[in-house]
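The values are calculated or read from the model by the stated rules, or taken from the named source; none is laboratory data. Everything numeric here is computed off the predicted structure, so don't read it as measured data. Here Cβ is always computed from backbone atoms with ideal geometry, including for glycine, and neighbour counts include all displayed protein chains.
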Amino acid sequence: MNEGFSIKQVFEGKWTQGAIPLVLLVALLLIIEIAAPGFLTGETLALLFANTAVLFMLATGVTFAILLGGIDLSIQAVASLASVMLAQLLPSLGFAAFPVAILSGLAFGLLSGIVHVKLRVPSFVATLATGGVVTGLALWVSNGRAITIEEAGREKTAWINATIFGLPMVVLISALIGIVSFLALRYTRFGRQAIAVGAGEPAAWAAGINVDRTKIIAFAASGILAAIAGVVLAARLSSGSPVLANQLLLPAIAAVIVGGTAITGGLGGVARTAVGALIISIVRIGMTFVGVNIFLENMVFGAVLIAAVAITIDRSKIAVIK
Amino acid sequence: MTFLPGRIAIMLGGRRWRSLAPLAVLVVLCVLITIANPNFIELRNLVRLANSAAVPLTLAMGLTFIIVMGSIDLSVEGTLSVAAMVVVLLAANDSNGNDYGWWAVLAAIAAGTVMGLISGLVQTMLRIPSFMATLGMWFIGLGLSVYMLGGSAIRLNDASIRNLALHRFLGLPLAVWVALGAFALAAVIQYHTRLGRHILAIGGDEDVTKLSGVNVVRVRIAAFALAGFFFGIAGVLAAAQLGQSHAVIGDGRLFAAVTAVVVGGTALTGGEGGVVNTLIGVLIVTVLANGMILLGISPYIQQTVQGLMIIAAVALSLDRVRLKIVK
């Protein structure tokens, strides 16, 4: 390394790209702590984590798709459908409603994956289409209305809203999901192959990796995690609705990208997404705190998304930017 | 790897047949629905059909240019809601004292064009894929319009703008004529202007186009601005039809527009198809939606059917030889 030291190089280095989001997160925390002393106490942090949990679950799912160089635009629809199914089925099925709702996510994740891989449809269109299919189903099942989880059902969702050793259950669930996803990406054959496919699909294919299967598993994982997020959201709000998670698609994708996972694939991971989700959450709290109109949140996240993509993208990987 | 739909496409005779397939689907669909419910071909229903096709047709015209170029514009709903917001807030309304009449319409179309221009600039200058650039612009537009509307629905009271939806000329609402005008304009741009040819060329092969001396960046920016122009018109029509603007005025529009373009036979890989295909695609989507209502099928299931149509159409139309890696 005897080339000149330049800011551009620093920004393009893999190590710094991983560290920037973390530095940003710490800086944001410090700013808030200075502006409103007492923020960094156990109680508010637990609340912060609890509010980030659903976003983190969704974002972790998309991380799989983005690591492969694809995208999943159906997560908000899958999460909403899961919430509708949980609310609808709790009275009749009891606890069995949980696995059924989550399995619906698996089914539609698999559908996205199979459409994408077998019909060779680009992932953003494939998932846009399955998202439409799922939204239609959710509207149909719920008759276009929000379904309240009644008293009897709330007894069965109470465990999700409980606190254990001072930690909200949702935080433990999302931590468990984060750890399992982290380990799956780092130590399983699927995880290594997923990163290889994202880093260079032709090379991965030439090395004998079953690219199709890896992609389908990734989209299935994204579907399952979206459905779990939907179930948790429904339990927290005591209601299911076909548009429940619609506002979460953009923050979830933004969380992944802001965390430092490149949309070109092969670079990034769940730990980065955790950092990204916390950043998004804190920015949201900060905006309310500073007095930014709540309707402007979408504008800020849209701009943040564009900026983060522009910084993290690996342009050498795309011949023509379409 | 040839999967079943690919094989069917080859079996059915390749390119030439494929270009006629959408038209055949449209005719078969009309015949089947008429058999199931003769009310379908009543004049009143056909006018209703044309009326509900107006906004999707205008939107899809803009989107066609982007898809023919091999890109995608996900900001359809954001841009439409910005235009609808501008027209409602500047014309006579029940929220502020403005009454700029048709200047509001011009401002709304200009706002749509500017949104498209920004998408184009972001995509080419920051060099990021269009689906990410426009995903960001989608929510920027949505956030802006909801913020300006204050999260509520605001009524449009300007009678002459409302007439776009209410007044009829030769039996059809003016909005339909505006949409047909948009179609004619798009057809002229695509077939008779340099911009149209360059857009098609970029979709065919961007590198070759660049080597032929075309300023690819400028064409891309112009194409996104053009798309924004059409979305702006569609926003005005939507506001006129609803008589108001609200936070969810754009809901489901992106989906319908993408379905129409893709079902019409414009390939997502770019360089194939065009505005005439899209006209047929819009008619297929609208006829199907109308038919489902006539047959008493829950309107909620429409998105599901559209989603399946996107999958089927894309699977049948993708030129797989050109696609080594699908991401």
What's the number of the only condition in (1) in contact with a Lys or Arg (Cβ under 9 Å, 6 or more places away or on another chain); (2) assigned to a helix (DSSP H, G or I) that B:Gly116 fails to meet? (1)
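Considering each of B:Met148, B:Met132, B:Met137 in turn, give the residue that is assigned to a helix (DSSP H, G or I), without any contact (Cβ under 8 Å) to a residue 12 or more places away in the chain, among the hydrophobic types (A, V, I, L, M, F, W, C) and within 11 Å of chain A (Cβ to nearest Cβ). Working first, answer last.
Details: B:Met148 fails: without any contact (Cβ under 8 Å) to a residue 12 or more places away in the chain; B:Met137 fails: without any contact (Cβ under 8 Å) to a residue 12 or more places away in the chain.
Being assigned to a helix (DSSP H, G or I), without any contact (Cβ under 8 Å) to a residue 12 or more places away in the chain, among the hydrophobic types (A, V, I, L, M, F, W, C) and within 11 Å of chain A (Cβ to nearest Cβ) holds for just one of B:Met148, B:Met132, B:Met137, which is B:Met132.
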Kindly indicate which of B:Val178, B:Val214 is at pLDDT 85 or above, surrounded by 17 or more Cβ atoms within 10 Å (Cβ to Cβ) and outside any helix (DSSP H, G or I). B:Val214
Among the residues that make up region A:304-314, is at least one of them within 14 Å of chain B (Cβ to nearest Cβ) and more than 17 Å from B:Gly136 (Cα to Cα)? yes
Could you tell me which residue of region B:1-38 is nearest to B:Leu316 (Cα to Cα), considering only residues that are basic (Lys, Arg) and either part of a loop (DSSP other than H, G, I, E, B) or at pLDDT 55 or above (or both)? B:Arg18
Looking at region A:259-311 only, could you name the residues that are assigned to a loop (DSSP other than H, G, I, E, B), buried (at least 18 other Cβ atoms within 10 Å of the Cβ) and of a type outside the set (A, V, I, L, M)? A:Gly259, A:Gly260, A:Thr261, A:Thr264, A:Gly265, A:Gly266, A:Gly268, A:Gly269
Matching helices (runs of 4 or more DSSP H) fully within region A:119-231 where at least 1 residues are of a type in the set (Ser, Thr, Tyr) and in contact with a Ser or Thr (Cβ under 8 Å, 6 or more places away or on another chain): A:123-142, A:151-161, A:169-187
Using the structure shown, decide if A:Ala254 is within 12 Å of chain B (Cβ to nearest Cβ) and either part of a loop (DSSP other than H, G, I, E, B) or among the polar types (S, T, N, Q) (or both). no
Name the residue, out of A:Leu86, A:Leu119, A:Leu90, that is more than 23 Å from the chain's Cα centre (by Cα) and surrounded by 24 or more Cβ atoms within 10 Å (Cβ to Cβ). A:Leu90
Only listed residue being in contact (Cβ under 8 Å) with a residue 24 or more places away in the chain and farther than 22 Å from B:Ile118 by Cα, chosen from B:Gly274, B:Gly232: B:Gly274
Given the criteria assigned to a helix (DSSP H, G or I), touching a Phe, Trp or Tyr at 6+ places or on another chain (Cβ under 9 Å), at pLDDT 90 or above and surrounded by fewer than 16 Cβ atoms within 10 Å (Cβ to Cβ), does B:Leu46 qualify? yes
For A:Leu250, all conditions in the list (1) modelled with pLDDT of 90 or more; (2) buried (at least 21 other Cβ atoms within 10 Å of the Cβ) hold save one; what is the number of the exception? (1)
Please work out if B:Gly291 is in a helix (DSSP H, G or I) and small (Gly, Ala, Ser). yes
Take region A:270-306 and flag every residue that is in contact (Cβ under 8 Å) with a residue 12 or more places away in the chain and of a type in the set (S, T, N, Q). A:Thr273, A:Ser281, A:Asn298
Hey, can you tell me all the residues within region A:32-48 that are among the β-branched types (Val, Ile, Thr) and touching a residue at least 12 places away in the same chain (Cβ under 8 Å)? A:Ile32
Hits in region B:58-101 (condition: away from chain A (no Cβ under 14 Å), in contact with a strand residue (DSSP E or B) (Cβ under 8 Å, 6 or more places away or on another chain) and buried (at least 24 other Cβ atoms within 10 Å of the Cβ)): B:Ala84, B:Val87, B:Val88, B:Ala91
